[in-house]
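The values are calculated or read from the model by the stated rules, or taken from the named source; none is laboratory data. Treat the numbers as computed from the prediction; the structure is a model and nothing was measured. With ideal geometry, Cβ positions are generated from the backbone for all residues, glycine too; neighbour counts draw on all protein chains shown.
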């Protein structure tokens, strides 16, 4: 019997459990992106853009958390996460434009998505680095 067969279910599913929140949140973002627009209350700042920033910031945070838990957090992995999360945000803007006539393609939404992904790295670093 090999060593890999002696792993417990907990050990075998460790990576899946680390990334499960990422996949769930990405699906929630997808569902929100393709559903009819939600009218947010008007305030001094654009609540829509804050929502984009927060959604993609949380997505990138979850990716970084999964990378850290699986021991794969590195500078290259961080940049890859930021790029992939940002690309997901850009892709969903194009999907909205191409397939959902009641949704709109907005450059500022893409900028908010990318900004959220980048800022989440700094927040993650601030809150998870031991001093």
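Yes/no matrix, rows are residues, columns are (1) more than 29 Å from residue 45 (Cα to Cα); (2) touching a residue at least 60 places away in the same chain (Cβ under 8 Å):
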| position | (1), (2) |
| --- | --- |
| 69 | yes, no |
| 72 | yes, no |
| 84 | no, no |
| 102 | no, yes |
| 105 | no, no |
| 117 | no, yes |
| 122 | no, no |
| 125 | no, no |
_Residues of the stretch 66-90 satisfying the condition of being closer than 15 Å to residue 123 by Cα and within 11 Å of the chain's Cα centre (by Cα)_ = 81, 82
*Please go through the stretch 86-100 and pick out each residue that is in contact (Cβ under 8 Å) with a residue 40 or more places away in the chain and surrounded by fewer than 18 Cβ atoms within 10 Å (Cβ to Cβ).*
95, 99, 100
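Please pick out the residue among 27, 53 that is assigned to a helix (DSSP H, G or I), within 27 Å of residue 127 (Cα to Cα) and touching a helix residue (DSSP H, G or I) at 6+ places or on another chain (Cβ under 6 Å).
Values: 27 fails: touching a helix residue (DSSP H, G or I) at 6+ places or on another chain (Cβ under 6 Å).
From the options 27, 53, the qualifying one is 53.
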*Among the residues of the stretch 111-131, which ones are at pLDDT below 95 and in contact with a helix residue (DSSP H, G or I) (Cβ under 8 Å, 6 or more places away or on another chain)?*
128
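Considering only residues that are at pLDDT 65 or above, part of a loop (DSSP other than H, G, I, E, B) and surrounded by 10 or more Cβ atoms within 10 Å (Cβ to Cβ), which ones fall in the stretch 30-49?
35, 37, 46
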